[in-house]
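Derivation of every value follows stated rules applied to the coordinates shown; laboratory data play no part. Here the structure is a predicted model, which means the values were calculated and not measured. For neighbour counting, all protein chains shown are included, and Cβ atoms are generated from backbone atoms with ideal geometry for every residue, glycine included.
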Amino acid sequence: MQRRSFIKKGTAAFSIFSLGLGNLSAFANSFSEVPLKPHDFKLHFAPHLGMFKNHAGKDAIAQLNFIADQGFTAFEDNNMKNRSLEVQIEMAKTMEQRGLRMGVFVAHKIYWKEPSLTSGNLEKRNEFLEEIKSSVAVAKRVKAKWITVVPGCVDAKQDLNYQTAHVIESLKQASKILEPHNITMVLEPLNFLNHPNQFLTESPQAYQICKAVNSPSCKILFDIYHQQIQEGNIINNIEKCWDEIAYFQIGDNPGRKEPTTGEINYQNIFKHIYKKGYTGILGMEHGNSIAGKEGETAVLNAYKKTSAF
């Protein structure tokens, strides 16, 4: 009886120990997917909602906390303006608590198939200006300093110079709305493959427009993915446009996924931007090359690797 009792107790103890090992193993595996401590990124990279949903879950606040836990210091959300007032307030509160700076959100309706600001149409211009006004309230609520602006499609019925003049006038009027609030609209040139027939396509063109508008509230959003497709010569064009660039966005090419998945030497580009003394935000406006938690871990590792210099 004593021997049987000992065996039973020993078996039970072994089962408990085995269970403990199983839990410990699962615990260890969960940590192998993400860093044990926040990474000290040299630049202010800004993930977006959904980028780490497999680790953090679908809840926006949980995702913001996960982003901060990994060492990121910024966040961007193109769709922020369309979120409910309650969600905007809660997200802003969390970002402030976790030390996350707010990046860009899209400030207005973008016309993908018809001319808008390029046309000189006063109705379209007034619609744009009203949306800029409404974006001020959102920007203040979430403590955003930058809002994205896209002038829209080419007007094939007008000379390019007239279109440029129409765009400049609209942006001058928008700048007058934004300047008192210290908010900057950033103009995003787009590539011809993903966004055919867009008016604003290259960094020198955006540079010329910003110089003509001549306002601290009108600057360039230099999207490295778009400009690799459209014009290449990335570091040289960043250098030439430097005094008008207020924001960067990231995506490798081909595929528009995280750095290291395509042809762009992001380590050299990040090093150049860092050495220039850039303290602004770099939006991670790309997808994940691999699905699930594995892909999210790959994104984290890519940014660690490319910012190691």
### Query
Using alpha carbons only, how many degrees (0 to 90, rounded to 10) separate the axis of helix 2-32 from the longest principal axis of the chain?
10
#### Entry: With Cα atoms, 0 to 90° folded angle of helix 85-98 axis to the chain main axis
70
### Query
Non-local amide H neighbours of residue 101 (under 5 Å, H modeled in plane, Pro and chain starts lacking H): which ones?
74, 75
### Message
What's the ranking of 281-288, 232-239, 188-195, 65-72 by average number of surrounding C-beta atoms within 10 Å, highest first?
### Response
281-288, 65-72, 188-195, 232-239
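Quick check: net charge around residue 52, other residues with Cβ under 10 Å of its Cβ, Lys/Arg +1 and Asp/Glu -1? Mind dumping the intermediate values first?
Numbers: positive: 53, 293; negative: 69, 296.
Summing Lys and Arg as +1 and Asp and Glu as -1 gives 0.
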### Query
Over the alpha carbons of the range 43-92, what is the largest minus smallest coordinate on each principal axis, giving the biggest first in Å?
28, 24, 15
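Before anything else, pin down the relative contact order of the range 147-248: Cα pairs under 8 Å, at least 6 apart, normalised by residue count, whole percent. Before the final figure, lay out each step's value.
Numbers: 150 pairs, mean separation 30.2, N = 102.
Here the relative contact order equals 30 percent.
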### Query
So, in Å, what gap is there between the alpha-carbon centers of the range 64-98 and the range 126-161?
22
### Query
Where does the charge balance sit around residue 307 when Lys and Arg score +1, Asp and Glu -1, over other residues with C-beta under 10 Å from its C-beta?
+3
### Vicinal HN-Hα couplings computed from phi for the range 45-56 (Karplus, 6.51 cos²θ - 1.76 cosθ + 1.60; Hz; Gly/Pro x)
6, 10, x, 10, 4, x, 5, 10, 5, 6, 8, 9
### Message
Could you identify which residue out of 248, 199, 41 has the top mean-square fluctuation in a GNM of the chain using Cα springs shorter than 10 Å?
### Response
41
## Note on the structure
Of 249-255, 93-99, ordering from highest average Cβ density within 10 Å down gives 249-255, 93-99
### Summary
Over all directions, the chain yields a Cα convex hull whose mean projected area in nm² is 19.8
#### Entry: Share, in percent, of DSSP beta bridges within the chain that are antiparallel, nearest 5
5
### Query
Could you give the angle, 0 to 90 degrees to the nearest 10, between helix 292-306's Cα long axis and the longest principal axis of the Cα atoms of the chain?
60
## Note on the structure
residue 188 neighbourhood, Cβ < 12 Å, K/R = +1, D/E = -1, net charge -2
## Note on the structure
One finds the C-alpha centres of the range 178-193 and the range 242-299 to be spaced, in Å, by 19
